[in-house]
1. In whole Hz, with x marking every Gly and Pro, tabulate ³J(HN,Hα) for the range 179-187 from phi via Karplus 6.51 cos²θ - 1.76 cosθ + 1.60, θ = phi - 60°.
2. Please list 3J(HN,Hα) in residue order for the range 162-169, calculated via the Karplus relation 6.51 cos²θ - 1.76 cosθ + 1.60 where θ = phi - 60°; whole Hz, with x for glycine and proline.
3. Near the amide H of residue 247, under 5 Å away, which other amide H atoms are found, from residues 5 or more places off or on another chain, if H is placed in the peptide plane?
4. Can you quote the Å³ per residue value for the convex hull of the Cα atoms in the range 200-397, rounded to an integer?
5. So for each of 300-308, 232-240 I average, over its residues, the number of other beta carbons within 10 Å; can you give me the resulting order with the highest mean first?
6. Ranked highest first by the average count of other Cβ atoms within 10 Å around their residues, in what order do 208-216, 317-325 fall?
7. For the range 200-397, what does the relative contact order come out to in percent, with C-alpha contacts under 8 Å and a separation of six or more?
8. Quick one: which residues, 5 or more positions from residue 184 or on another chain, have an amide H under 5 Å from its amide H? H modelled 1.01 Å from N in the peptide plane, none for Pro or chain starts.
Amino acid sequence: MTHSQEKLDQEKEGLVSSLEHLCGHKSGQGATASSPTLTDHNVQHHALTPAHAATSQQRSWYSRFFPSEERVDELFAKENLGNWVVNRSTGEQVFESMPIYVRLGMHILFLHSKKSSLLRYQSVDHLLEELSVSQGKAYDDESDPAAVLEHIKSFVATYAIPLDELLQPDLSSYRNFNAFFARRLRGDARPVAEHTDPTVISSAADCRLTVFSTVDEATRFWIKGKNFSVPSLLGDESTASKFPPGSSLAIFRLAPADYHRYHSPVGPSVAGATKHIKGDYLTVNATVVNENFDVFTNNKRDVLLNTWTPKQGAQGIPYALVAIGAMLVGSIGWSEGAAEGSPANRGQELGWFQYGGSTCIAVFPPEAKVQWDADLLKTSQGGRETIVKVGERIGKSLA
């Protein structure tokens, strides 16, 4: 074996170990285990552990170098180790981060471009897919109810998830972790804003939201992947022909703690066909979207083409809802409201994600004459996401 080959093998071996740690695999448990179980995974200290929990346990070694928490956040943001988001209800800017070892791992994997990162190795791409499948199986595992409950309780405590919003607040009733991850909420937990107005557009998910009046605007302020376009997002020219230049975008990014079901942003509408597009398992975190990675157009995704009638008696307007899988996300699911030919009202459930944060993108053609709410547009053009909830108004059609 040559020295260069030995060095490459050592780099790959270290990467495997690092990625398994990020996924919560206990020492000695490989990504390719034939029957991964939930007991093979640590409850804490992995990619699902948020900053406010992990940092309190691990920050002491670096916090003494900074006079305040704000200085740490400024440094992390500058070095792509976290994201600033805006709380819409208060207008406050909030810094969101993950455990430092997770962020540094993302920094190594996703900084700058695929050609210059560790993802240039085909084996790394293959490893991410193996880890995604393995983690999905582990979170579908029902063999140890005590381990399932332990993970759910830890997740609830870590993210301060309000149990009074859940349709089923009894945590022991969830048969596996994915069942809890795709949990349903009570019917009154997310009221639909101005529900009688068919011209209003509401948030499709509990998410970090960006909105743009055109694709050019989106690529100028937010999406840095060089190959992003409506045809590449939707997968073919035929579908994309319904969305000419001037089409509007809303990008709904779900964080791990968020309610992971997505709903119709408009209505009344009628579901068309759903297209499944194979792809990568790259993270959709804002850090990577802002680098030269085509995550939205390269990742595994489903495209649902719907017809929306914002004005009674007028011809329907097409809109696309794209559900995008992310790093270590096991699956994308669709509800009855997304079945071809099914009618849907605004706020009606359309589908869900299992395990991990992911993204939905809604695309509206120029004929919809979408006018996004001014505060959301301003924040998006400033390179910030806004925290919103399902059913919250985000814009309207002037058609």
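Each value in this text was obtained by applying a stated rule to the coordinates, not by laboratory testing. Small disclaimer: the values here were computed from a predicted structure and weren't measured. Methodologically, a virtual Cβ is constructed for each residue, glycine included, from the backbone with ideal geometry; neighbour enumeration extends over all protein chains shown.
1. Per residue, the Karplus-derived 3J(HN,Hα) values read 4, 6, 4, 9, 4, 8, 9, 4, x Hz.
2. With the stated coefficients, the range 162-169 comes to x, 6, 5, 8, 6, 5, 10, x Hz.
3. 215
4. Dividing the Cα hull volume of the range 200-397 by its residue count gives 98 Å³.
5. Taking the mean over residues of other Cβ atoms within 10 Å, the ranking is 300-308, 232-240.
6. Per-residue mean Cβ counts within 10 Å order the peptides as 317-325, 208-216.
7. Normalised by residue count, the contact order of the range 200-397 is 34 percent.
8. 167, 168
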